[in-house]
Amino acid sequence: FTAEMIQRGEERYDIYCSACHGKNADGKGKILYYQYPIPPANFFDDRIIKLSDGHMFNAITAGWLNMPSLKAQVSVEDRLANIGYIRSLQQN
């Protein structure tokens, strides 16, 4: 992942992901204020860190568990950029 891609990923994450997964990727987004029944994933959980990039890409594309598909909203390039941004957060 390039620096530009990670920056793009941060911008796209803020738009499409942070409402559920939280600005800090800790699973504590604004959706929790509405008593959403299944909490969103915390990207710092070991089970999420261990997911392959392909699995994460498929989750964004097709949805996974309680997460809806975002393929109509998020381009392929932006899905990859989101993953790069999430991985950069996990490394820090």
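The values are calculated or read from the model by the stated rules, or taken from the named source; none is laboratory data. Treat the numbers as computed from the prediction; the structure is a model and nothing was measured. Please note: Cβ atoms are built from the backbone with ideal geometry, for glycine as well, and neighbour counts cover all protein chains shown. Just the protein is used for accessible areas: all its heavy atoms, side chains included, with ligands, DNA and RNA removed. Shrake-Rupley method; radii C 1.70, N 1.55, O 1.52, S 1.80 Å.
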- prompt: Residue by residue, what Karplus-based ³J(HN,Hα) values in Hz, rounded to whole numbers, does segment 55-71 have, using 6.51, -1.76 and 1.60 with θ = phi - 60° and x for Gly and Pro?
  reply: 5, 4, 4, 5, 5, 5, 6, 9, x, 7, 6, 8, 8, x, 5, 10, 5
task: Have a look at R12, R47, R79 and tell me which one the Gaussian network model of the chain (Cα, springs below 10 Å) gives the largest fluctuation.
output: R47
field: Highest-MSF residue in the chain out of L32, L65, L80 [GNM, Cα springs under 10 Å]
entry: L65
field: GNM top mover of K71, K23, K50 - the chain, alpha-carbon springs below 10 Å
entry: K50
- request: Return the tail of the calculated pair distribution for the chain, meaning the percent of Cα-Cα pairs more than 23 Å apart.
  value: 13
- line: Residues whose modelled amide H sits under 5 Å from the amide H of M67, counting only those 5 or more places away in sequence or on another chain, are none
- prompt: Per residue of the chain, what 222 nm ellipticity follows from adding -39500 (n - 2.57) for every DSSP H run with n ≥ 4, rounded to the nearest 500?
  reply: -15000 deg cm²/dmol
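For G27, what charge total do you get from the other residues with a beta carbon under 14 Å from its beta carbon, if Lys and Arg give +1 and Asp and Glu give -1?
After counting each charged neighbour, the total is +1.
Roll a 1.4 Å probe over the protein chains and send me the accessible area per residue for segment 10-53 in Å².
Working: 3060 Å² over 44 residues.
For segment 10-53, the per-residue accessible area is 70 Å².
How far, in nm, would the chain grow between A3 and S52 when pulled straight, counting 0.36 nm per residue and subtracting the alpha carbon separation? Walk me through the numbers before you get to the answer.
Numbers: separation 49, 0.36 × 49 = 17.64 nm, distance 2.03 nm.
Using 0.36 nm per residue and subtracting the Cα-Cα distance, I get 15.6 nm.
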- request: Note down the magnitude of the dipole of the chain about its Cα centre, charges +1 on Lys and Arg C-beta and -1 on Asp and Glu C-beta and zero elsewhere, to the nearest 20 debye.
  value: 220
message: Considering only C-alpha atoms, what is the centroid distance from segment 1-28 to segment 46-92, in Å?
response: 10
query: Quick one: Karplus J couplings for segment 24-41, per residue in order, coefficients 6.51, -1.76, 1.60, θ = phi - 60°, nearest Hz, x for Gly and Pro?
result: 9, 6, 9, x, 10, x, 4, 4, 5, 5, 9, 6, 4, x, 10, x, x, 5
field: In order through segment 72-88: 3J(HN,Hα) via Karplus (6.51 cos²θ - 1.76 cosθ + 1.60), integer Hz, x for Gly, Pro
entry: 6, 9, 10, 5, 4, 4, 6, 4, 5, 5, 4, 5, x, 5, 4, 5, 5
